[in-house]
Amino acid sequence: MARIVIVDDAKFMRMTLSNILSKAGHEVIGEGENGEEAIELYRHLQPDLVTMDITMPLMSGLDAVKEIKKEFRAAKVIMCSAMGQQKMVVEAIEAGAKDFIVKPFDESRVVDAINRALD
């Protein structure tokens, strides 16, 4: 069981992911709605993994990944993107994200990505 933080500006998306992760036996230990909160949550909670939306207010998921990886090299982050954000997904992977999942979420794809990232 992993301790996971979910960061997405849409409450519905956080709820959906939280349900999928809980069903898969993981524990959601925190939620944020922008990149700045993601960094603070990571510092405070030191989760096993973070799922992070790419497009958010105040600070994007892309900038947050760069910041988190700068401070915590071993951090595991999976990006969440809408279709058509391939360029940003590539940038996120180059910045250190482990994987990405596409919205709307496919439950088995989410669980597979999480398990791969945690190995």
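Annotations
- Close pairs (8 angstrom Cβ cut-off, 6 or more residues apart or separate chains): within 12 Å of Leu17 (Cβ to Cβ) and buried (at least 18 other Cβ atoms within 10 Å of the Cβ) in the range 92-110, at pLDDT below 95 and hydroxyl-bearing (Ser, Thr, Tyr) anywhere: Ile101/Ser81
- Search result, residues across the range 1-60 that are among the aliphatic types (A, V, I, L, M), under 11 Å from the mean Cα position of the chain (by Cα) and closer than 18 Å to Asp112 by Cβ: Ile4, Ile6, Leu17, Leu49, Val50, Met52
- Selection of the range 62-95 for residues being under 12 Å from the mean Cα position of the chain (by Cα), modelled with pLDDT under 95 and not hydrophobic (A, V, I, L, M, F, W, C) yields only Ser81.
- Counting only strands (runs of 3 or more DSSP E) that fall entirely inside the range 1-90 and contain at least 3 residues that are open to solvent by 10 Å² or more (accessible area, probe 1.4 Å) and in contact (Cβ under 8 Å) with a residue 24 or more places away in the chain, the qualifying elements are 27-32.
The values are calculated or read from the model by the stated rules, or taken from the named source; none is laboratory data. All values derive from a computational prediction rather than experimental measurement. All Cβ positions, glycine included, derive from the backbone under ideal geometry; neighbour counts span all protein chains shown. What goes into the accessible areas is simple: the full protein's heavy atoms, side chains included, and nothing from ligands, DNA or RNA. Shrake-Rupley method; radii C 1.70, N 1.55, O 1.52, S 1.80 Å.
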